[in-house]
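I have placed the structure first, in the form of structure tokens, so that the comments after it can refer back to it.
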């Protein structure tokens, strides 16, 4: 049995959407408090020994750069606040440090406060030389999509099926930003972002926050009878510029981060039945299947195309690989649930936590004997990737 390195004992989040009238500190307070209150055996604010918080753009969209001081005021406590760019990196840092017995890890983004500035902010995540050449973040992804279609003869419709599937999954998610169905025709007729990438293949601009309470494995049952354990974590980086990478049809950092997470956890890929995947564009979910090792190189689009067509009409649509089902983005992913950038990584963990505890309500997925979930978060254009392996334990 794999040995856990941390335990999640509580989880909470806000809805994701465009919350013009809400303060950022209200969002993170709501998520953090709901995570704390969800701990069955009781945790008070003053039991939390530290906060690990992720946010990329909050200082630039809301002019709030000292989030720790706001948390201190809102919660009435004085503890260390350790900041990272993404909440998945915050969770990685919290798990690796093992300094505290009980911490709250969260993420917050309030992107609509500076709606028109978001394209420029997102461009800060790529090489400034590529920006000077006229590229945006999504234009680089469109370049990679063109290369993939050229190299592997992929059908364009296969990519368009990804947001259709994820919107279907979001219909059962009470927190999702978009709860409506999509069709392939509607996706492919939506406005171009950068040829061939369409608007309805891209995650939205969102506000929101998410949080989890974690502790050391040996202390987990002091707080809950049903902890979800973190068995492994992996993080990897790649060149900031895609022109200097070995391949334009993969994210090396995903491949490396998954390998490190699996190696540290002792979990095998075939034991994973659920994955929360960074689908900021339709391309990225296809590439994930290949880069993580579920599907051979160049065949991801075929698995997507065939499985989504085969399971049409189901509540959840799995990808079937070697006779085993893998459910990806059970709550709608970034595309339909929403993508407040700094909060996304922990939101994915919250979704996996609730699924593994059978607390997802009408969105619940049955993953059978495959009791592990993989959570995959990406910064920029695959520049930094963080992966966590979660499971129920014995």
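The values are calculated or read from the model by the stated rules, or taken from the named source; none is laboratory data. All of these numbers come straight from a predicted model, not from anything done at the bench. Ideal geometry is used to build each Cβ from the backbone, glycine not excepted, and the neighbour counts take in all protein chains shown.
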> Do we have residue 120 as at pLDDT below 85, out of contact with any strand residue (DSSP E or B) (no Cβ under 6 Å at 6 or more places or on another chain), over 17 Å from residue 213 (Cβ atoms) and part of a helix (DSSP H, G or I) here?
Replying inline: no
> In the set 384, 327, 365, 378, which member is buried (at least 24 other Cβ atoms within 10 Å of the Cβ) and within 19 Å of the chain's Cα centre (by Cα)?
Replying inline: 378
> For segment 220-249, how many residues meet the condition of being surrounded by fewer than 21 Cβ atoms within 10 Å (Cβ to Cβ), under 19 Å from the mean Cα position of the chain (by Cα) and assigned to a loop (DSSP other than H, G, I, E, B)?
Replying inline: 0
>> Please go through segment 147-162 and give me each residue that is part of a helix (DSSP H, G or I), touching a residue at least 40 places away in the same chain (Cβ under 8 Å) and out of contact with any strand residue (DSSP E or B) (no Cβ under 9 Å at 6 or more places or on another chain), ordered by number.
In response: 147, 148, 149, 151, 152, 156, 157, 158, 161
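Given the criteria in contact with a helix residue (DSSP H, G or I) (Cβ under 6 Å, 6 or more places away or on another chain), within 30 Å of residue 40 (Cα to Cα) and assigned to a strand (DSSP E or B), does residue 211 qualify? Let's see the steps before the verdict.
On the way: in contact with a helix residue (DSSP H, G or I) (Cβ under 6 Å, 6 or more places away or on another chain): yes; within 30 Å of residue 40 (Cα to Cα): yes; assigned to a strand (DSSP E or B): yes.
For residue 211, the condition - in contact with a helix residue (DSSP H, G or I) (Cβ under 6 Å, 6 or more places away or on another chain), within 30 Å of residue 40 (Cα to Cα) and assigned to a strand (DSSP E or B) - is met.
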>> For the structure I just gave you, tell me whether residue 77 is assigned to a loop (DSSP other than H, G, I, E, B) and at pLDDT below 85.
In response: yes
> Scanning segment 41-56 for residues that are out of contact with any strand residue (DSSP E or B) (no Cβ under 6 Å at 6 or more places or on another chain) and buried (at least 20 other Cβ atoms within 10 Å of the Cβ), which turns out nearest to residue 341 (Cα to Cα)?
Replying inline: 56
>> Condition first: more than 23 Å from residue 92 (Cβ to Cβ), out of contact with any helix residue (DSSP H, G or I) (no Cβ under 8 Å at 6 or more places or on another chain) and assigned to a helix (DSSP H, G or I). Now tell me which residues in segment 48-71 satisfy that.
In response: 69
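Kindly check whether there is at least one residue in segment 262-279 that is under 18 Å from residue 181 (Cα atoms), modelled with pLDDT of 95 or more and in contact with a helix residue (DSSP H, G or I) (Cβ under 8 Å, 6 or more places away or on another chain). Spell out the reasoning first.
Just the residues of segment 262-279 that are under 18 Å from residue 181 (Cα atoms), to begin with: 279.
Of the ones still in play, those that are also modelled with pLDDT of 95 or more are 279.
Subsequent filtering for residues that are in contact with a helix residue (DSSP H, G or I) (Cβ under 8 Å, 6 or more places away or on another chain) retains 279.
Yes: one or more hits.
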> In segment 336-359, is there at least one residue being surrounded by 24 or more Cβ atoms within 10 Å (Cβ to Cβ), in contact with a helix residue (DSSP H, G or I) (Cβ under 8 Å, 6 or more places away or on another chain), free of Cβ contacts under 8 Å to residues at least 60 places away in the same chain and within 30 Å of residue 123 (Cβ to Cβ)?
Replying inline: no
> Can you tell me which residues in segment 97-117 are touching a strand residue (DSSP E or B) at 6+ places or on another chain (Cβ under 7 Å) and in a helix (DSSP H, G or I)?
Replying inline: 112
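If you check residue 94 against the conditions, is it under 22 Å from the mean Cα position of the chain (by Cα) and at negative phi?
For residue 94, the condition - under 22 Å from the mean Cα position of the chain (by Cα) and at negative phi - is met.
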> Would segment 179-202 turn up any residue that is within 21 Å of residue 8 (Cα to Cα), buried (at least 20 other Cβ atoms within 10 Å of the Cβ) and more than 16 Å from the chain's Cα centre (by Cα)?
Replying inline: no
